[in-house]
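Chemist: Just dropping this structure here.
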Amino acid sequence: MPFSRIYAALPERFSAPLAPAPLRNPQIVALNEPLAHELGLDPDWLRSPAGIALLSRGTRPDGAPPVAMAYAGHQFGHFVPSLGDGRAMLAGEVTDRTGRLRDIHLKGSGPTPFSRRGDGRAALGPVLREYVVSEAMNALGIPTTRALAALTTGESVVRETLQPGGIIVRVAASHVRVGTFQYFAAQDDVEGVRILADHIIGRLYPELTEAENPYLALLEAVTARQADLVARWMLVGFIHGVMNTDNMSIAGETIDFGPCAFLDAYDPAKVFSFIDQNGRYAYGNQPDMALWNLGRLAETLLPLLDSDRERAIEQARGALMRFDGVFNETYLGGWRRKMGLALEENGDARLAGRLLAAMHRGEADFTLTFRRLGEGVRTGETEDLVSLFGAGSGIEDWLGDWRARLDREERSVQACHAEMQATNPRLIPRNHRIEEMIQSALAGDYAPFHRLVEALSHPFADAQDGLDAPPAPDERVMNTFCGT
Ligand code: AMP
Ligand code: MG
């Protein structure tokens, strides 16, 4: 088995080696075979006792110990100098079929030196949730950690109630977070920050070694990836829910699917997460919060940018200023595609803004609005679309202006329709479907889980599975939870 040990080979203070105890009865409930192939891992081996030992407690064929990674983080704006993998571990890296290094990481397999007062465990519900949502994000074309496997442990975990224990095995380009940089910076360990930055440049941004100032180039590159990522979230109505700096990946992947949720009805102030009482991570705040987090990353890099602090701050500011440009390009380009516009006109941003305002007033379903807009291009009818909007939304006026704008496009109706439906998903992981899937799994029926995973693997295809319907009033999910 081609396991590397790259992060674990960094200096001792970067991670803690683990010797996890065996679990009572680890069983695979889902194995992502296409992903296993992509990673060069044999699914039959993963299902063998040796494979299950790897997936359940990070036991590597070469006997090297898994490690818990050290990190810090701002949680809801408050700095915590030592968080770290309290219930997770890095088994190691594998080289995938395209030659990229990918982390194999387990969550829920037991306590670590970073567990603080936690039990080191995960409940099965949140594990299945992460599996479904992270794979759905990938199918939507959004950078994300992937789910290689979900397991039950045969043990119970205590949350509000007693629940079956689970493990999620996830795959990432790297598990280094903004909070990892903060961990070393908070201890004035400039050498640690430098080693970490060099590790990340070598692994994720090798082209930057040639830059005049590689550390400044790193800040610019991470800023660009995060700006692009958050714009993509916005375009599908995704709310991460807990964008603390320890949950922001340096690789620019969506990571840590705790209380995340997708919008049903459009509302820029929408919050699902029960713990986000002030709406810090509301849907519409996400770009600002991403930039705030990048400011914290920039602070950790200052000593590497320039020996003169004022000059270093100037440089960091310049790098962060790039956020808006990248964000707006992905964001506006995205709305244009969602509205079926290939040409660029100055009024397009306003047109998108007016549609969102009508959706907000009319409490229209985010996903169905765009999907039906695309249908309308093909059929020439908009009744199905208009029926999504409550009274007084102003959607009829907007449709008139949109049609006039579409008339100035130069491509065929077929081409426009095809691109819209390849941009506007029919399916997103709806909160009520996830809840329903979890309840079934807890009762021993995994069919809805597998059905959801399968359907969400082709979110742009037409199908009659009923999974695209918004929740009925009594199905609406009001709050989501971290499950920690
Ligand atoms: P999260 O909100 O899931 O990103 O976790 C924040 C921090 O709390 C991380 O350092 C986690 O490792 C830690 N943590 C969360 N749940 C547990 C748990 N059940 N046991 C130990 N540590 C945990
Ligand atoms: Mg986290």
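Chemist: Rg to Rh ratio, region 282-331, alpha-carbon atoms and Kirkwood radius?
Modeler: On the way: Rg = 12.4 Å, Rh = 11.7 Å.
Ratio of gyration radius to Kirkwood radius for region 282-331: 1.06.
Chemist: Hey, what's region 94-252 come to in accessible area per residue, 1.4 Å probe, Å²?
Modeler: Working: 4880 Å² over 159 residues.
Using a 1.4 Å probe on heavy atoms only, each residue of region 94-252 averages 31 Å².
Chemist: How far is helix 214-236 tilted off the main Cα axis of the chain, in degrees rounded to 10, range 0 to 90?
Modeler: 50
Chemist: Rank LEU302, ALA319, TYR281 by how far each Cα sits towards the positive end of the charge dipole of region 271-320 (+1 on Lys, Arg Cβ; -1 on Asp, Glu Cβ) and give me just the farthest.
Modeler: Value: TYR281.
Chemist: Here is a follow-up. Given a 1.4 Å probe and every protein chain left where it sits, what share in percent of the accessible area of region 3-175 is carbon and sulfur? Kindly include the intermediate steps, with their values, before the conclusion.
Modeler: On the way: 3400 of 6420 Å².
Here it works out to 53 percent.
Chemist: Sticking with this one: Need the C-alpha centroid separation for region 36-76 versus region 317-348, integer Å.
Modeler: Centre-to-centre distance over Cα atoms comes out at 39 Å.
Chemist: Whole number in Å², please: accessible area per residue of region 263-338, 1.4 Å probe, ligands, DNA and RNA not counted. If you can, show how the numbers build up before the last one.
Modeler: On the way: 3640 Å² over 76 residues.
Here the residues of region 263-338 average 48 Å² of exposed surface.
Chemist: Label-point separation (nm) for SER307 and ASN213, each offset 7 Å from Cα along Cα-to-Cβ?
Modeler: Going by the 7 Å Cα→Cβ label model, 1.5 nm.
Chemist: Right, next: Run the accessible area of region 179-332 with a 1.4 Å probe and give the carbon-and-sulfur part as a rounded percent.
Modeler: 49
Chemist: In region 335-395, how does Rg compare with the Kirkwood Rh, expressed as the Rg/Rh ratio over alpha carbon atoms? Let's see the in-between values first.
Modeler: Values: Rg = 11.4 Å, Rh = 11.9 Å.
With Rg and the Kirkwood Rh in hand, the quotient comes to 0.96.
Chemist: Further question on the same structure: Calculate how steeply helix 413-423 sits against the longest principal axis of the alpha-carbon atoms of the chain, using the helix alpha-carbon long axis, and give the answer as 0 to 90 degrees to the nearest 10.
Modeler: Roughly 30 degrees between the two axes.
Chemist: Oh, and also: Among the GluC sites (Glu not before Pro) within region 202-309, which fall in a DSSP loop and have no more than 13 other Cβ atoms within 10 Å of their own Cβ? Don't skip to the answer; put the middle values down first.
Modeler: Numbers: sites: GLU207, GLU210, GLU212, GLU220, GLU253, GLU299; in loops: GLU212, GLU253.
Those that pass, being in a loop and sparsely packed, are GLU212.
Chemist: Rank these residues by their accessible area, most exposed first, probe 1.4 Å: SER4, SER134.
Modeler: Values: SER4 30, SER134 0 Å².
So, going from the largest accessible area down, we get SER4, SER134.
Chemist: Please work out, to two decimal places, the log10 of the ratio I(q)/I(0) at q = 0.10, 0.12 Å⁻¹ from a Debye calculation in which every Cα of region 333-483 carries one identical scatterer.
Modeler: These q points yield log10 I(q)/I(0) values of -0.41, -0.58.
Chemist: Can you find, among PHE481, ILE434, VAL453, the residue farthest towards the positive end of the dipole of region 385-484? Put +1 on the C-beta of Lys and Arg, -1 on that of Asp and Glu.
Modeler: Comparing the listed Cα positions along the dipole, PHE481 ranks first.
Chemist: Please give me, ordered by residue number, the GluC sites (Glu not before Pro) of region 403-484 that lie in loop per DSSP and have at most 10 other Cβ atoms within 10 Å.
Modeler: Values: sites: GLU409, GLU410, GLU419, GLU435, GLU436, GLU454, GLU475; in loops: GLU409, GLU410.
Hits after loop and neighbour filter: GLU410.
Chemist: Taking Rh as the Kirkwood radius, which is the inverse of the mean 1/r over Cα pairs, what is the Rg/Rh value for region 3-175?
Modeler: Numbers: Rg = 15.4 Å, Rh = 16.3 Å.
Ratio of gyration radius to Kirkwood radius for region 3-175: 0.94.
Chemist: Take GLN439, project a point 7 Å from its Cα along the Cβ direction, then tell me which residues of region 9-38 have their backbone nitrogen under 15 Å from it.
Modeler: Label zone hits: none.
Chemist: Based on Cα coordinates alone, diagonalise the gyration tensor for region 179-332, multiply each eigenvalue by 5, take square roots, and list the semi-axes in whole Å, largest first. Numbers along the way, then the final one.
Modeler: Working: eigenvalues 166, 53, 37 Å².
They are 29, 16, 14 Å, listed largest first.
Chemist: Let me ask something else. So for each of 441-452, 106-117 I average, over its residues, the number of other beta carbons within 10 Å; can you give me the resulting order with the highest mean first?
Modeler: Working: 441-452: 15.2, 106-117: 19.7.
My ranking of the peptides, most packed first, is 106-117, 441-452.
Chemist: Dipole magnitude of the chain about its Cα centre, charges +1 at Lys/Arg Cβ and -1 at Asp/Glu Cβ only, in debye to the nearest 20? Walk me through the numbers on the way to the answer.
Modeler: Values: 48 positive and 63 negative charges, 193 e Å.
About 920 debye.
Chemist: Shifting gears a bit: Just to confirm a number: summing +1 for Lys and Arg and -1 for Asp and Glu over residues other than GLY374 whose beta-carbon lies under 10 angstrom from that of GLY374, what do you get?
Modeler: Details: positive: LYS338, ARG371, ARG372, ARG378, ARG426; negative: GLU375, GLU419.
Local charge sum for GLY374: +3.
Chemist: Rounded to the nearest whole Å³, what is the per residue volume of the convex hull around the Cα atoms of region 73-154? Intermediate values should be presented prior to the final figure.
Modeler: Values: hull volume 11.7 nm³, N = 82.
Convex hull of Cα atoms, per residue: 142 Å³.
Chemist: Can you compute the helix-only [θ] at 222 nm over the chain? Use -39500 (n - 2.57) per DSSP H run of at least 4 residues, normalise by all residues, nearest 500 deg cm²/dmol.
Modeler: Working: 17 runs with 210 residues, N = 484.
Using -39500 (n - 2.57) per qualifying helix, the result is -13500 deg cm²/dmol.
Chemist: Label 7 Å along Cα→Cβ of GLN27; region 141-181 residues with amide nitrogen under 20 Å?
Modeler: 148-158, 162-169
Chemist: Further question: Over the chain, what per residue volume does the convex hull of the Cα atoms give, in whole Å³? Numbers along the way, then the final one.
Modeler: On the way: hull volume 75.2 nm³, N = 484.
Hull volume over Cα atoms, normalised by residue count, gives 155 Å³.
Chemist: If you line up the long axis of helix 309-320 against the longest principal axis of the chain, both from Cα atoms, how many degrees apart are they, to the nearest 10?
Modeler: 50
The values are calculated or read from the model by the stated rules, or taken from the named source; none is laboratory data. Note that the structure is a prediction, hence the values are computed from the model and not measured. Cβ atoms come from the backbone with ideal geometry, glycine included; neighbour counts cover every protein chain shown. Calculation scope for accessible area: heavy atoms of the full protein, side chains included, ligands and nucleic acids excluded. Shrake-Rupley method; radii C 1.70, N 1.55, O 1.52, S 1.80 Å.
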